[in-house]
Amino acid sequence: MIGAVARDDVIRLTEPLRAGAHLNGALVEARLGGGGANTAVALAAAGRAVTLLAAVGRDATGDALLVDLAAAGVDAASISRLDRSTTHSLLLIDPTGERTVVNVARCEEDTPPNQLLELPADVVYVRSRRHDLGPLLAVKAATALVVAHVPPVVANARPAQVLVASSSDLAAEAIENPQALGQSVSGGLARWVVITAGAAGARAYSAAETLATPARGVRPVDTTGAGDAFAAGLIHALIGGQPMAKALAMAVRFGTEATLWPTSGLPASAVHRLLREDSS
C-alpha cells in the first residue's frame, strides 16, 4: 500500500466554518492519520496482512506514529525515515461532523517507492497524488490487482484495474463519463471506476454495467477518513473474491461507519462488528 502517514491535530469548532469569520473551537487531540495509514489500519483489523510504503521524519512524531501502526498490526518495516518533519495536518471538525483538512507539513520521498516491485502482493492500493507512480504500477498490475485513488486525473498516471474517486474531486465531465475517465487515467487497464458521493453512497461503472449502493442515513460525528474506510471495505471484499456488487456494498458500510467515530481511522472494534454482521 502506498499512502501517507500523518499526525492529525483535531480542532472541534463550536460553529460552522465560514470564510473570513472569527471562530471558536477547541484543540482536543492528536491522533494517527493520513490516507495510507487510515486504510492500512482498517485492513489490518479485518485480518489482512498489510505492508505500508510511506515516509515519516526522524522526529518524535514519526517515532510515535510508527508505534501506533505497529500496535494496529500494520507492517511498517518499509516506511522510510527522512530528515524532514513528519506529515502533519490540522483537522477542523464542524458541529455537523464535516471536516476541513489543512496540511501543515508533508513528508514524502523525492523518488517513487521502487521497493514496491520486490514486495509480494495480491492487491496494491495507492492513496497518493504523486504523478510519477505510473511505471511502477504498470509493472505491478501484471501480477497483482491494483486499486488506485484518483486524482491525479492525468493520462496513464494510474495503471490500475480499479479506480476510486470522490465526486467532490472530479470535474462534471469526468462524472458524466466515468468510463472515459478510467480508460484515460489507467492507460486502458481499468475494469471498474468507483465514484463515491458521501451520504448518497457510491456507484461502480464497468463497460457492461453500472452498480449503485445507497448509504444508510446517519448523523456524522467526524467524516475524517470515511473515504479511506470505504477503500478498506472495498479491498477486503475484493481480496475475498466477492463480486463488485457485494464489494461496493461493504465499502459503503465501512465508509458510513467511519463517520460515527471521532477517529481518523476506523477502529478495530467497528471493523470486527461490520464483518460479523456481514457473515450473519
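Okay, here's what the table says:
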quantity: Accessible carbon and sulfur surface of segment 1-61 relative to its total accessible area, %, 1.4 Å; calculated: 52 percent
quantity: Extension gain from residue 75 to residue 19, taking 0.36 nm per residue of separation minus the Cα-Cα distance; calculated: 16.1 nm
quantity: Per residue accessible area in Å² of the chain, where ligands, DNA and RNA are left out and the probe is 1.4 Å; calculated: 45 Å²
quantity: Cleavage-rule hits, trypsin sites (Lys or Arg not before Pro), segment 208-280, DSSP coil, Cβ neighbours within 10 Å at most 12; calculated: 216
quantity: Gyration tensor verdict on segment 134-240 (Cα atoms; rounded if a/c is under 1.5, prolate if a/b is larger than b/c, oblate otherwise); calculated: prolate
quantity: Accessible surface of segment 146-280, 1.4 Å probe, proportion on carbon and sulfur as whole %; calculated: 55 percent
quantity: Environment charge at residue 186 (Cβ cut-off 14 Å; Lys +1, Arg +1, Asp -1, Glu -1); calculated: +3
quantity: Burial order of peptide ranges 220-228, 22-30 (average beta-carbon count within 10 Å, highest first); calculated: 220-228, 22-30
quantity: Segment 109-154: C-alpha gyration tensor shape, a/c 1.5 cut-off, then a/b vs b/c; calculated: oblate
quantity: Prolate/oblate/rounded call for the chain, Cα gyration tensor, a/c under 1.5 rounded; calculated: rounded
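The values are calculated or read from the model by the stated rules, or taken from the named source; none is laboratory data. These numbers come from a predicted model, not from an experiment. Ideal geometry is used to build each Cβ from the backbone, glycine not excepted, and the neighbour counts take in all protein chains shown. Only protein heavy atoms, including side chains, enter the accessible area calculation; ligands, DNA and RNA are left aside. Shrake-Rupley method; radii C 1.70, N 1.55, O 1.52, S 1.80 Å.
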